[in-house]
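Data block below; observations after.
The values are calculated or read from the model by the stated rules, or taken from the named source; none is laboratory data. None of these values were measured; they are calculated from a predicted model. Neighbour counts are summed over all protein chains in view; Cβ atoms, including those assigned to glycine, are modelled from backbone coordinates with ideal geometry.
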Amino acid sequence: MEDQAEKLREIMRQKKLNMAASGMAGGHADSKTAAADGHAGGKRTRIITVTSGKGGVGKTNLSVNMALAFARLGKKVVVMDADLGLANVNVMFNMIPKYNLYHVIKKQKTIREILAETEYGISIVAGASGFSQIANMGEQERHEFINELDTLSFADIIIIDTSAGVSSNVLDFIAAADDAVIITTPEPTAITDAYGIIKIIAMEYDTINIGLKLVVNRARSAAEAKNVADRMINIAGHFLNLKIDYLGFIYDDLAVANAVRQQKPFVIFEPKCKASVSIQHLVERINKNKPIESDGIGAIFRKLFTRT
Ligand SMILES: Nc1ncnc2c1ncn2[C@@H]1O[C@H](COP(=O)(O)OP(=O)(O)OP(=O)(O)O)[C@@H](O)[C@H]1O
Ligand SMILES: [Mg+2]
């Protein structure tokens, strides 16, 4: 099992190098589709994963609302639900997709076939329990699955909403990400668990190409969030020699729970609420920082040599 997980990581690493070399997420196999979709000229898909240590800290809300904010900037966005447990991205849109990633893994459907359009201009890939199968796949199957993921390269941005915790093999997707967003709340338990996952990422993954980013959710003030972020970033820098960027915070806002109850993303439900404004700031910040690969090889080496 360990061995298999390592193999998947290797494939993802290889894939990433290819992607960086070819200048687009689709690599060679997908250049036709990508060109047809307007991705010619080296534009590539940015993969953003959203992860947390503790459950229920706001991953799905961040993924979905961030996706909508990117869409407002004119980006083509796909949200992929990689949660092992409850598939809740579709619930946020009040959608019940007929097929999900399980059917893709079982080769009953292609990923393009299960892609579901929301009414707000973004698409979703429904998750369900399919992801738990990845660890049991043979090498050939994994290759095929990852190639299947390549067909999403028409998107400017793919946001992967993962399940909480360190045990999930979904974390392998972090290896393919340009940006790994770790989300926590100011609660001590959430902070401890977030640090736990950062530690795992530092130990398990080749982080040279991943931009680790921290988001503090449910903050009561900017100062509170900054305080939490500073502490975590300093500890990670000191003990793990790992650089994490503070992406920003999201206000604790009653509108979030109300929107969830209405099964509408809060940036749609209450576009001017404090949480919606926070999301807009986060997205503007990500948008300003281009993925690490495009900084060139120098940045990769810098990261490599600043690690222990
Ligand atoms: N900024 C916020 N302000 C107020 N409440 C929030 C905020 N963010 C999240 N919540 C509350 O926390 C709940 C859980 O959020 P969400 O489903 O996004 O977390 P999650 O990390 O995806 O959970 P899981 O680990 O179960 O997948 C929301 O339904 C909402 O009630
Ligand atoms: Mg969730």
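Structure data summary
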| read-out | value |
| --- | --- |
| Top-ranked residue in segment 85-121 [being polar (S, T, N, Q) and farther than 23 Å from GLU141 by Cβ; ranked as modelled with the lowest pLDDT] | ASN88 |
| Residue in segment 224-232 that is closer than 16 Å to GLU187 by Cα and among the polar types (S, T, N, Q) present | yes |
| Any hit, segment 122-134, residues being among the polar types (S, T, N, Q), in contact with a strand residue (DSSP E or B) (Cβ under 8 Å, 6 or more places away or on another chain) and modelled with pLDDT of 85 or more | yes |
| Residue that is surrounded by the most Cβ atoms within 10 Å (Cβ to Cβ) [pool: residues in segment 228-274 that are free of Cβ contacts under 8 Å to residues at least 24 places away in the same chain and closer than 20 Å to ARG285 by Cα] | ALA229 |
| Yes/no for ALA67 being more than 16 Å from ligand 1 (Cβ to nearest atom), hydrophobic (A, V, I, L, M, F, W, C) and in contact (Cβ under 8 Å) with a residue 40 or more places away in the chain | no |
| Pairs, first under 20 Å from TYR99 (Cβ atoms) and crowded, with 19+ Cβ neighbours inside 10 Å in segment 125-147, second of a type in the set (Phe, Trp, Tyr) and at pLDDT 75 or above, C-beta under 6 Å, six or more apart | ALA128/TYR102; GLY130/TYR102 |
| Residues that are within 16 Å of ligand 2 (Cβ to nearest atom), among the aliphatic types (A, V, I, L, M) and under 19 Å from the mean Cα position of the chain (by Cα), drawn from segment 244-278 | ILE250 |
| Cβ-Cβ under 7 Å pairs, at least 6 apart or on other chains, segment 156-169 side farther than 17 Å from ASN61 by Cβ and within 13 Å of ligand 1 (Cβ to nearest atom), far side at pLDDT 75 or above and part of a loop (DSSP other than H, G, I, E, B) | GLY165/GLY53 |
